[in-house]
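Asks: Can you keep this structure in mind? I'll have questions shortly.
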């Protein structure tokens with residue numbers, strides 16, 4: 001299998017009107033922005049393209065935009081943001097009046113902003129919103145087996161606000177809500193995954209892209225960009241979108257050096273996924 005390598009977005013850019021770009025692992029690492037990646041998006045927009053950031057952040061898009069500003073991602077690098085938090089909020093609205101147990105850190109509480117929500121413990125709640133681990137700097141999903149088993153015994157529905165299993169935070173992998181949701185589902189729990197690779201977040205992103213363009217968006221003119229096989233590649237494939245894979249994200253250790261991915265390992269990875277991306281790049285740059 002031959003995997004097409006592109007070291008610059010400018011080579012692919014003329015084919016597309018819209019980029020649906022992942023955030024964590026592509027334009028920042030949770031600590032600081034990647035200047036070359038931000039510059040690439042700025043150039044794409046300057047040439048008339050539209051950029052919608054599509055993230056599995058378990059917070060509403062306005063909160064994501066605030067975080068991007070703190071990490072010094074320039075505002076002219078993107079037109080709009082769609083988050084898994086936005087999709088999760090729709091699920092919360094559908095359960096108005098029910099008591100919710102928030103499984104996740106306090107920093108994710110903006111997902112409930114301006115909503116009439118009654119919080120409860122895991123023993124008293126009607127359902128669960130999982131945004132991550134309470135202390136993701138040192139905890140693992142195994143620390144949650146007892147809690148999840150108790151929730152499953154009560155047959156609690158879980159809305160998973162971030163389907164990512166891990167992210168690279170400053171060069172170190174930390175667990176996300178998807179890891180807890182996967183374990184809960186393996187125990188027999190009922191889980192709704194909001195975000196990539198599932199269709200609703202892509203539909204919202206394409207709607208926003210069309211609104212920004214003032215015209216319909218042809219899927220053949222859309223390029224999805226991301227660093228995760230499980231979420232970014234699978235989501236783009238299932239939605240019929242072209243995909244640019246960034247190797248320096250969460251799969252970097254599997255693929256060799258961050259700036260020089262091993263071709264054999266790449267071929268094996270996509271062979272196991274039964275597909276070939278539109279392109280592969282070590283990092284996003286113009």
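Asks: Looking only at segment 252-283, which residues are in a strand (DSSP E or B) and without any contact (Cβ under 8 Å) to a residue 12 or more places away in the chain? Steps first, answer last, please.
Replies: Of all residues in segment 252-283, those in a strand (DSSP E or B) come to 256-257, 260-261, 279-281.
Once the filter is applied, which keeps residues that are in a strand (DSSP E or B) and without any contact (Cβ under 8 Å) to a residue 12 or more places away in the chain, segment 252-283 yields 256, 257.
Asks: Moving to a separate point now. Return yes or no: is residue 30 on the phi > 0 side of the Ramachandran plot and crowded, with 19+ Cβ neighbours inside 10 Å? If you could, list the steps in order and put the result at the bottom.
Replies: Numbers: on the phi > 0 side of the Ramachandran plot: yes; crowded, with 19+ Cβ neighbours inside 10 Å: no.
No: the conditions fail for residue 30.
Asks: State the number of residues belonging to segment 68-94 that are at pLDDT below 95 and either over 21 Å from residue 202 (Cα atoms) or in a loop (DSSP other than H, G, I, E, B) (or both).
Replies: Adding up the residues that qualify gives 1.
Asks: So, residue 249, is that one in contact with a helix residue (DSSP H, G or I) (Cβ under 8 Å, 6 or more places away or on another chain) and not in a strand (DSSP E or B) or not? Reasoning before the result, please.
Replies: Working: in contact with a helix residue (DSSP H, G or I) (Cβ under 8 Å, 6 or more places away or on another chain): no; not in a strand (DSSP E or B): yes.
No, not satisfied.
Asks: Being closer than 23 Å to residue 235 by Cα, part of a strand (DSSP E or B), modelled with pLDDT of 95 or more and in contact with a helix residue (DSSP H, G or I) (Cβ under 7 Å, 6 or more places away or on another chain), is that true of even one residue in segment 31-50?
Replies: Yes, there is a match, as at least one residue in segment 31-50 is closer than 23 Å to residue 235 by Cα, part of a strand (DSSP E or B), modelled with pLDDT of 95 or more and in contact with a helix residue (DSSP H, G or I) (Cβ under 7 Å, 6 or more places away or on another chain).
Asks: Moving on. Among what's in segment 1-10 and is farther than 25 Å from residue 208 by Cα and in contact with a strand residue (DSSP E or B) (Cβ under 9 Å, 6 or more places away or on another chain), pick the residue that is surrounded by the most Cβ atoms within 10 Å (Cβ to Cβ).
Replies: Step one: of segment 1-10, the residues farther than 25 Å from residue 208 by Cα are 1-8.
Add one more test, that the residue is in contact with a strand residue (DSSP E or B) (Cβ under 9 Å, 6 or more places away or on another chain), and what stays is 3-8.
Numbers: 3: 19, 4: 13, 5: 13, 6: 16, 7: 13, 8: 13.
Among residues in segment 1-10 that are farther than 25 Å from residue 208 by Cα and in contact with a strand residue (DSSP E or B) (Cβ under 9 Å, 6 or more places away or on another chain), the one surrounded by the most Cβ atoms within 10 Å (Cβ to Cβ) is 3.
Asks: While we're here: Please go through segment 13-30 and pick out each residue that is in contact with a strand residue (DSSP E or B) (Cβ under 9 Å, 6 or more places away or on another chain) and at pLDDT 95 or above. I'd like the intermediate steps shown before the answer.
Replies: Quick first cut of segment 13-30, residues in contact with a strand residue (DSSP E or B) (Cβ under 9 Å, 6 or more places away or on another chain) only: 13, 15-27, 29-30.
Across segment 13-30, the qualifying residues are 13, 15, 16, 17, 18, 19, 20, 21, 22, 23, 26, 27.
Asks: Restrict the check to segment 152-171 and report whether at least one residue is in contact with a helix residue (DSSP H, G or I) (Cβ under 9 Å, 6 or more places away or on another chain) and either assigned to a helix (DSSP H, G or I) or in the same structural domain as residue 32 (by TED's automatic domain parsing) (or both).
Replies: yes
Asks: Sort out which residues of segment 112-143 are outside any loop (DSSP other than H, G, I, E, B) and touching a residue at least 40 places away in the same chain (Cβ under 8 Å), and write them in order of number. Working first, answer last.
Replies: To start, the set of residues in segment 112-143 that are outside any loop (DSSP other than H, G, I, E, B) comprises 112, 118-119, 127-130, 141-143.
Within segment 112-143, 129, 130, 141 meet the criteria.
Asks: Here's something else I'd like to know. For the condition outside the structural domain of residue 61 (by TED's automatic domain parsing), crowded, with 16+ Cβ neighbours inside 10 Å and in contact with a strand residue (DSSP E or B) (Cβ under 7 Å, 6 or more places away or on another chain), what is the one hit in 119, 101? Let's see the steps before the verdict.
Replies: Numbers: 119 fails: crowded, with 16+ Cβ neighbours inside 10 Å.
Just a single option satisfies the conditions, and that option is 101.
Asks: Please indicate, with yes or no, whether at least one residue in segment 144-157 is over 15 Å from residue 195 (Cα atoms), exposed (fewer than 12 other Cβ atoms within 10 Å of the Cβ) and touching a strand residue (DSSP E or B) at 6+ places or on another chain (Cβ under 8 Å).
Replies: Scanning segment 144-157 turns up at least one residue that is over 15 Å from residue 195 (Cα atoms), exposed (fewer than 12 other Cβ atoms within 10 Å of the Cβ) and touching a strand residue (DSSP E or B) at 6+ places or on another chain (Cβ under 8 Å).
Asks: Please enumerate the residues belonging to segment 189-234 that are in a strand (DSSP E or B), surrounded by fewer than 21 Cβ atoms within 10 Å (Cβ to Cβ) and modelled with pLDDT under 95.
Replies: 192
The values are calculated or read from the model by the stated rules, or taken from the named source; none is laboratory data. Keep in mind that what you see is a predicted model, and the values were worked out from it rather than measured. No Cβ is skipped: glycine too gets one built from the backbone with ideal geometry, and neighbour counts run over all protein chains shown.
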